[in-house]
Amino acid sequence: MNIKLVGSLIAVSIIACPLLYIFVGPALDASQMETLKVLGIIMGCSALFCFVVGELTGNNSQMDKLWSLLPIVYTWVIAFRGGLETRLVVMAVLATLWGIRLTFNFARKGAYRLKFWEGEEDYRWAVLRAKKEFQPHWKWMIFNLFFISIYQNALVLMTTFPALVLMGVDKPFGLVDGLASALMFGFIVYETIADEQQWAFQTTKWKMIKEGKKLEELPAPYNKGFNTTGLWNVSRHPNYFAEQGTWFAFYLFTIGGGMSLFNWSIIGALLLIVLFLGSSTFAEEISASKYPEYARYCQTVSRFFPGKKYTSQSTEKS
């Protein structure tokens with residue numbers, strides 16, 4: 001992950017959020033501001049926990065464990081403080097379904113333990129920690145504090161802002177809300193399918209490797225080392241595509257609630273796209289260094305949106 005991108009993300013967030021709020025609206029009323037304070041306290045406690053535990057244990061996946069849980073908490077806090085209005089309840093239920101899926105997928109990879117500070121760490125953090133840009137350790141500590149702990153916690157909170165701006169809205173649940181619900185549920189299902197396909201592929205691949213076979217000795221398509229089947233045949237990151245779509249669908253509820261087509265609560269969904277651009281680029285750098293065929297895969301398959309890329313370069317190699 002490019003350190004300049006991280007710095008730009010934080011800077012843009014600090015500048016863009018208040019500017020959008022001031023110039024685009026809608027303004028939050030007293031009840032919404034009070035709710036935001038409650039959410040801010042939860043977020044602050046989470047950020048402190050992630051930083052302290054991450055530093056003490058050397059496991060920087062503490063925020064990864066909370067990523068799927070916090071939106072559930074945030075949306076239900078908003079729903080209850082909003083009087084359990086239909087639209088807010090539907091949004092909270094959908095956020096809960098999203099969180100259950102992601103928590104399950106992360107849990108089966110060994111992320112959660114009875115000793116909550118332990119568990120499998122996302123492999124990318126170890127690769128990133130070893131880079132010269134983060135030596136000596138105090139540089140990594142700053143990165144852990146401002147990006148992993150504070151920024152990512154703030155971003156997760158921002159993705160739930162559409163629910164916050166809808167507190168107190170008296171417009172009935174309508175057609176746009178139904179469309180947003182269907183889209184969000186569809187993206188959750190899509191991401192679930194992508195997860196299952198990836199899990200099945202990697203489980204089979206590693207089972208054969210543990211039996212003593214070398215990667216190049218495995219039958220196709222496992223000998224490539226990375227998944228190119230199912231949804232992964234038309235998108236290099238179908239899970240990221242669905243994740244971005246999920247939170248844009250969540251934002252559509254604000255339009256159903258009578259907000260303008262563009263309002264400041266979209267900031268979380270927008271910043272999530274930028275985060276996934278950086279995260280996917282970093283993940284692909286690692287994959288390309290491990291698997292010889294990965295570069296060609298990138299040339300022929302779209303990064304996010306499902307589709308093949310028929311370039312002259314890929315055609316010549318076919």
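The values are calculated or read from the model by the stated rules, or taken from the named source; none is laboratory data. Bear in mind the structure is a predicted one, so any value in this text is a computation, not a measurement. Cβ: placed from backbone, ideal geometry, glycine included. Neighbour counts: every protein chain shown. Remember, those area values only see protein heavy atoms, side chains included, never the ligands or the DNA or RNA. Shrake-Rupley method; radii C 1.70, N 1.55, O 1.52, S 1.80 Å.
Points to keep in mind about this one:
- The value obtained for the chain, namely the Cα convex hull volume divided by the number of residues, is 151 Å³ per residue.
- Carbon + sulfur, % of accessible area of the chain - ligands and nucleic acids excluded, 1.4 Å: 69
- Close amide-amide hydrogen proximity is noted between VAL301 and LYS309, each under 5 Å apart and 5 or more residues distant or on a separate chain (H modeled in the peptide plane; Pro and chain starts excluded).
- Across the stretch 217-232, rounded Karplus estimates of 3J(HN,Hα) from the backbone phi angles (6.51 cos²θ - 1.76 cosθ + 1.60, θ = phi - 60°) give 8, 6, x, 5, x, 5, 5, 6, x, 10, 6, 10, 10, x, 5, 6 Hz, Gly and Pro being marked x.
- Electrostatic dipole magnitude of the chain [Cβ: Lys, Arg +1; Asp, Glu -1; Cα centre; debye, to 20]: 800
- The value of relative contact order for the chain, using C-alpha pairs under 8 Å at least six residues apart, is 23 percent.
- Ranking PHE248, SER280, GLY225 by Cα position along the charge dipole of the stretch 201-303, where only Lys, Arg, Asp and Glu carry charges on their C-beta atoms, puts GLY225 farthest toward the positive end.
- For the stretch 202-268, trypsin sites (Lys or Arg not before Pro) meeting the loop criterion (DSSP other than H, G, I, E, B) and having at most 11 other Cβ atoms within 10 Å: LYS214.
- GLY119 long-range amide H proximity, modeled H, under 5 Å: none
- Pairwise FRET efficiency - ALA30 versus LYS308, Cβ, R0 = 45 Å, nearest 0.05: 0.30
- The stretch 238-277 versus the stretch 68-115: alpha-carbon centroid distance in Å: 17
- Computed helical MRE - 222 nm, the chain, DSSP H runs ≥ 4 contributing -39500 (n - 2.57), nearest 500: -21500 deg cm²/dmol
- In the elastic network of the chain, a GNM with C-alpha springs shorter than 10 Å, the most mobile of GLY82, GLY256, GLY230 is GLY230.
- Of the trypsin sites (Lys or Arg not before Pro) found in the stretch 1-93, not one falls in a DSSP loop while having at most 12 other beta-carbon atoms within 10 Å.
- Computed with a 1.4 Å probe over protein heavy atoms only, the accessible surface of the chain comes to 48 Å² per residue.
- Selection among VAL24, ILE142, LEU179 by position relative to the dipole of the chain gives ILE142 as farthest towards the positive end (Cβ unit charges, Cα centre).
- In the elastic network of the chain, a GNM with C-alpha springs shorter than 10 Å, the most mobile of TRP67, TRP117, TRP206 is TRP206.
- Angle between the chain longest axis and helix 3-23 axis [Cα atoms, degrees, rounded to 10]: 20
- In a simple Cβ point-charge model (Lys, Arg +1; Asp, Glu -1; nothing else charged), the stretch 227-318 has a dipole of about 200 debye relative to its Cα centre.
- Per-pair calculated FRET efficiency, R0 = 41 Å: ILE10 and ILE193 via Cβ, rounded to 0.05: 0.75
- Table column - 3J(HN,Hα) (Hz), the stretch 201-216, Karplus curve with 6.51, -1.76, 1.60, x for Gly and Pro: 5, 5, 4, 5, 4, 6, 5, 5, 5, 5, 7, x, 8, 7, 4, 5
- Placing unit charges on the Cβ atoms only, positive for Lys and Arg and negative for Asp and Glu, gives the stretch 19-171 a dipole magnitude near 400 debye about its Cα centre.
- In this structure the amide hydrogen of TYR291, modeled in the peptide plane, comes within under 5 Å of no amide hydrogen from residues 5 or more places off or on another chain.
- Contour minus Cα-Cα distance for GLU293 and THR204 (0.36 nm per residue): 30.1 nm
- Given LYS109/LYS207; LYS65/LYS207; LYS65/LYS115, the pairs whose alpha carbons are separated by over 18 Å: LYS65/LYS207
- The stretch 28-34 - phi-based ³J(HN,Hα) in whole Hz, Karplus 6.51/-1.76/1.60, Gly and Pro as x: 7, 8, 4, 5, 5, 5, 5
- Model label zone, PHE104; criterion: amide N under 13 Å from point 7 Å along Cα-to-beta-carbon; scope the stretch 172-203: 188-197
- Helix axis angle, 86-107 relative to the chain longest principal axis, alpha carbon, degrees: 20
- Listed residues ASN60, ASN105, ASN153, most fluctuating in the chain (Gaussian network, C-alpha, under 10 Å): ASN105
- Accessible area (Å², 1.4 Å probe, nearest 10) - TYR123: 120
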